[in-house]
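The values are calculated or read from the model by the stated rules, or taken from the named source; none is laboratory data. This one's a predicted model, so the numbers in the text were calculated from it and none came from an experiment. We place every Cβ from the backbone using ideal geometry, glycine too, and count neighbours over all the protein chains shown.
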Amino acid sequence: MTTNEKYMRTDMKQKDGVPTTQDVLTHHLNCIGDIAGTMADYTDESRFFTPDGLVRGSEAVRKLFVKLFEEFAKPGMSFEMLRQEVDGDTAYIVWKAETADNRLSSAATPSSYGTERS
């Protein structure tokens, strides 16, 4: 079993054997705090749009999530999803979070998820 298979949900609605973008986004959001589960949704071709600019490739995306999950692990963390949209192979989310040290907010577009899992 590969790492990606470990995190693949069996209830995903697949089109030609590929999970839908909505199902991948749902899986991704359910894996907040779990870097291996989160990264199962990305490939080297993935793009992630952030307020600070475009992040390309799985290694750059991993670095972004490691930093974010470290912040989310702080005491008193709260998270609120403000908006979630999916169109084709693109997902757009707007959220806010707060920890003891920081208030965070973001509009993020995890685009072209690595939906081909092998």
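Taking the listed residues Gly33, Gly37, the one that is outside any helix (DSSP H, G or I) and either within 12 Å of the chain's Cα centre (by Cα) or at pLDDT 90 or above (or both) is Gly33, with no other qualifying. Scanning segment 47-92 for residues that are of a type in the set (Gly, Ala, Ser) and touching a residue at least 24 places away in the same chain (Cβ under 8 Å) turns up Ser58, Ala73, Gly76, Gly88, Ala91. Report yes if Thr20 is surrounded by 12 or more Cβ atoms within 10 Å (Cβ to Cβ), more than 11 Å from the chain's Cα centre (by Cα), among the β-branched types (Val, Ile, Thr) and at pLDDT 90 or above, otherwise no. Yes: the conditions hold for Thr20.
Selection of segment 61-76 for residues being under 15 Å from the mean Cα position of the chain (by Cα) and of a type in the set (Lys, Arg) yields Arg62, Lys63, Lys67. Within the set Phe48, Phe79, the sole residue that is at pLDDT below 90, in a strand (DSSP E or B) and touching a Pro at 6+ places or on another chain (Cβ under 6 Å) turns out to be Phe48. Kindly check whether there is at least one residue in segment 56-65 that is within 30 Å of Gly17 (Cα to Cα), at pLDDT 90 or above and touching a Leu at 6+ places or on another chain (Cβ under 9 Å). No: segment 56-65 contains no residue that is within 30 Å of Gly17 (Cα to Cα), at pLDDT 90 or above and touching a Leu at 6+ places or on another chain (Cβ under 9 Å).
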